[in-house]
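J.: Questions regarding the structure given below will be posed in turn.
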Amino acid sequence: MTYVITQNCCNDASCIAECPVDCIRPTPEERARFASAEMLYIDPDSCIDCGACVDACPVGAVSYEDELTDPQRRFLEFNAGYFAQYPLVPTYDTARIVKLDGSRGELRVAIVGSGPSGAYVAEELLSRGQVKVSVYDALPTPWGLLRSGVAPDHQHTKDLAAIFEKTADKAALELHLNVAIGTDVSVDELLASHHAVVLATGAADAQPWDLPGADLTGVSSANDFVAWFNGHPDASDKVFDLSCERVVIVGNGNVALDVARVLTMSRDELLKTDIADHALEALSNSSVREVVVLGRRGPLQAAYTSPEFYALGFLPGVEVVIDEGEAELDELSRALVDGGDVSYAEQLKAGLAGEYAAKTRTGAERRIVFRYLSEPARVLGADRVEGVEIAHTRLREQDGSLVTERTGESEELVAGLVLTSVGYRGRPIDGVPFDEARGVIPNDDGRVVAAPGLYATGWIRRGAKGGLGSSRVDAEEVVDHLVNDFNAALLSDPSTEAQSVAAIGLDGWRAIDQHERSAGQSVGRPRVKLVTVPDLLEAARG
Ligand code: NAP
C-alpha cells in the first residue's frame with residue numbers, strides 16, 4: 001500500500017522534508033524540475049505507509065491508497081507514471097543551506113509583497129539565523145494570490161495560508177499591511193532602514209492583447225474577471241454581462257480553466273466557496289451554457305496542467321467536450337511523442353484530451369469546449385461583442401522550438417463575452433529598474449541589476465510562470481544570494497530606523513479574518529469576503 005498525492009497538491013514541499021524514506025519527487029534541490037512540476041509524486045515502490053506526508057501537507061492533498069475516491073484513483077497511475085520516467089535517485093542535501101554568519105549581528109530585511117513569493121522568502125530567511133523581517137503589502141489583507149488569485153473552489157490551496165500565518169506569528173517578523181511602497185514609503189527609505197529589500201510584487205497586470213474588436217464592450221481580461229470573483233478591492237465595482245449563452249476564453253492556461261469552472265459551476269457549488277457575494281449573485285443568474293477555451297497550439301502543448309484538466313471531468317452538471325479531430329496530434333507533435341522527446345506531464349495532457357474526445361456526450365446542462373490549433377482573428381460586433389472569428393493554426397519548427405502560423409482557414413462563433421487569459425506582467429515600482437518588454441525587474445539570479453541591496457523573487461523576477469513550487473525555489477535561491485552577500489559584508493548597514501507608518505499589523509488582519517469567517521459560518525460558507533478598502537479597514541479596527 002502507498003500514499004498518493006492528488007489534485008490539490010500545491011507543490012509547497014512540506015511533505016518532502018517529513019518523508020523518512022525520501023520518496024517524494026521532484027524535490028526543491030532538483031531546482032529546474034521542481035520549479036516546473038505540475039504536482040509532486042510519491043514513489044509507490046518506496047513508500048512505507050507511515051503517513052508523515054499526510055500530516056505535513058498543508059492542503060490535504062495526500063490520501064492513503066485505500067481511501068481514494070473513485071475519481072482520485074487515477075492519481076495512483078499519475079504518481080507511479082512519474083517514476084517510470086524519472087526513477088527515484090536520492091537528492092536531499094541539507095549541507096547546501098547557506099546560514100547567516102552570527103558574528104555579523106542581526107540581518108534586517110524588508111519584503112515588498114506578502115503573496116506566496118514574499119511569504120516563502122520570509123519563511124526561508126527566518127530559518128537562516130538572526131534576522132528581522134518586515135513584510136509590506138499595499139492591501140489591508142495578506143497572502144496575495146492565495147486570496148485574490150486562487151480560484152474560490154480551490155479552498156484546499158488557500159489552506160496554505162495557515163503556514164504563512166505561523167511564520168507571521170514569529171517575533172522576528174512584522175507585518176505592515178495597507179502600505180503602498182513607492183507611494184506611502186519609498187524603496188530608498190526601506191533600503192536606508194534595512195540591509196536589503198526583496199521585491200515580491202508578483203505580476204498584477206494582464207498581458208496586453210490587441211486585435212480588431214478588442215476594444216468592444218464585452219471583451220475583458222481574465223485577470224479582471226478573477227479579481228472580480230475573488231473580491232479584490234480594485235475590481236469589486238466591475239460588471240460582467242452574463243446574459244449570453246456562450247463565452248470564449250482566449251488561452252488555455254490554468255487561469256483559463258479556473259475561469260471556465262467558475263462560469264459553469266452551479267449556485268450550490270459556488271455556495272461552498274468564498275467567492276465574493278457580488279459574483280455569487282451575478283453567476284447564479286447567469287445564462288452562460290457554454291465556455292469555449294481556445295488554445296493556439298495542440299493538446300500536447302496546452303498550457304494547463306494535467307491535474308487541473310483531469311479534475312474538470314468531475315464538475316457536477318458540466319461536460320467537457322473535445323471533438324475527436326481536435327484531440328489528434330499533428331505530425332510534429334506525433335514525431336516528438338514517438339521519439340520519446342516529451343515529458344511525462346505533456347504525454348499525460350495529450351492522453352487526457354484523447355479520453356475526453358472518446359467519451360459519449362451526456363448532454364449536461366453546461367459545457368466546457370476545448371479547441372486546439374485555434375486563435376481569435378478578430379472580435380465581431382457593432383457596439384458590443386457578438387462573436388469571434390477564429391483562425392485555424394498549425395505548428396512549425398523555428399530555431400529549435402515550435403511556433404504557430406495561421407493556415408488561412410477560419411470560422412465564426414457566436415459569443416457575448418470574450419475573456420483573454422493570455423498571461424500576466426509585472427507593474428513597475430518607483431525607484432526600481434524595470435524591463436518594459438518582459439514586464440519584470442531586470443535581475444541576475446534574483447539580484448536586481450545595478451541596484452545593490454535590492455532582490456527580486458517570484459513572478460516579478462521571472463515572469464508569470466509556475467505555481468507555488470516555483471516561488472519556493474525562487475525564495476531559496478534569492479535568500480542564498482542575500483545571505484551570502486550579507487556574510488561577505490556586501491550590504492550597507494541600515495542608517496536609519498524604519499519609518500513609522502499607519503499600517504495594519506497581524507492583529508488587524510486577524511480581526512478581518514475573524515469577521516469574514518464568522519460571517520461565513522452563519523451562512524455555511526468558508527468566509528464572506530469584505531471587498532472594499534474602507535470595509536476592510538473598519539473590520540481591522542475590530
Ligand atoms: P499561462 O499558463 O502562461 O497560459 C497563457 C495562455 O495564453 C497560453 O495558452 C498561451 O498560449 C496563451 N497566449 C498567450 N498569448 C497569446 C496570444 N497572443 N494569443 C492567443 N493565445 C495566447 O498563464 P496563466 O493561465 O495566466 O497562468 C499563469 C501561471 O499560474 C501558470 O504557471 C499557471 O500554471 C499558474 N496557475 C496555476 C493554477 C493552479 O495550479 N491551479 C491556477 C492558476 C494559475 P501558448 O502556450 O501557445 O503561449
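The values are calculated or read from the model by the stated rules, or taken from the named source; none is laboratory data. Note that the structure is predicted; figures quoted are calculated from it, not measured. Don't worry about glycine lacking a Cβ; one is built from the backbone with ideal geometry, like all the others, and counts go over all protein chains shown.
J.: Evaluate the range 205-225: report whether one residue or more is among the β-branched types (V, I, T) and under 27 Å from A377 (Cα atoms).
T.: yes
J.: Here is a further query. Taking only the range 317-361 into account, find how many residues are among the basic types (K, R) and in a helix (DSSP H, G or I).
T.: 2
J.: Hey, among E290, E308, which residue is crowded, with 18+ Cβ neighbours inside 10 Å, in contact with a strand residue (DSSP E or B) (Cβ under 7 Å, 6 or more places away or on another chain), within 28 Å of R525 (Cβ to Cβ) and not β-branched (V, I, T)?
T.: Every option except E290 fails the conditions.
J.: State all residues of the range 2-51 that are at positive phi and either among the acidic types (D, E) or in contact with an Asp or Glu (Cβ under 7 Å, 6 or more places away or on another chain) (or both); if no residue qualifies, say none.
T.: Answer for the range 2-51, where residues must be at positive phi and either among the acidic types (D, E) or in contact with an Asp or Glu (Cβ under 7 Å, 6 or more places away or on another chain) (or both): D22, D49.
J.: Name the residue that is farthest from T393 (Cα to Cα), counting only residues in the range 245-274 that are among the β-branched types (V, I, T) and within 17 Å of the chain's Cα centre (by Cα).
T.: Looking at the filtered set, the residue picked out is V262.
J.: Please work out which residue is nearest to Y86 (Cα to Cα), limiting yourself to the range 14-26 and to residues that are in contact with a helix residue (DSSP H, G or I) (Cβ under 9 Å, 6 or more places away or on another chain) and surrounded by fewer than 20 Cβ atoms within 10 Å (Cβ to Cβ).
T.: Here the residue is D22.
J.: Please state which of the following conditions A391 fails to meet, knowing it meets all the rest: (1) in contact with a Leu (Cβ under 8 Å, 6 or more places away or on another chain); (2) over 20 Å from E319 (Cβ atoms); (3) modelled with pLDDT of 95 or more.
T.: The number of the failed condition is (1).
J.: Sticking with this structure for a sec: Could you list, in sequence order, all residues of the range 34-45 that are surrounded by fewer than 22 Cβ atoms within 10 Å (Cβ to Cβ) and at pLDDT 90 or above?
T.: D43, P44, D45
J.: Sort out which residues of the range 383-412 are under 30 Å from the mean Cα position of the chain (by Cα), closer than 28 Å to S286 by Cβ and in contact (Cβ under 8 Å) with a residue 60 or more places away in the chain, and write them in order of number.
T.: Those that are under 30 Å from the mean Cα position of the chain (by Cα), closer than 28 Å to S286 by Cβ and in contact (Cβ under 8 Å) with a residue 60 or more places away in the chain: V385, V388, I390.
J.: Cβ-Cβ below 8 Å, separation at least six or inter-chain, first residue in the range 287-308 and closer than 27 Å to E405 by Cβ and more than 8 Å from the ligand (Cβ to nearest atom), second among the polar types (S, T, N, Q) and part of a loop (DSSP other than H, G, I, E, B): which pairs?
T.: The qualifying pairs are V293/N252.
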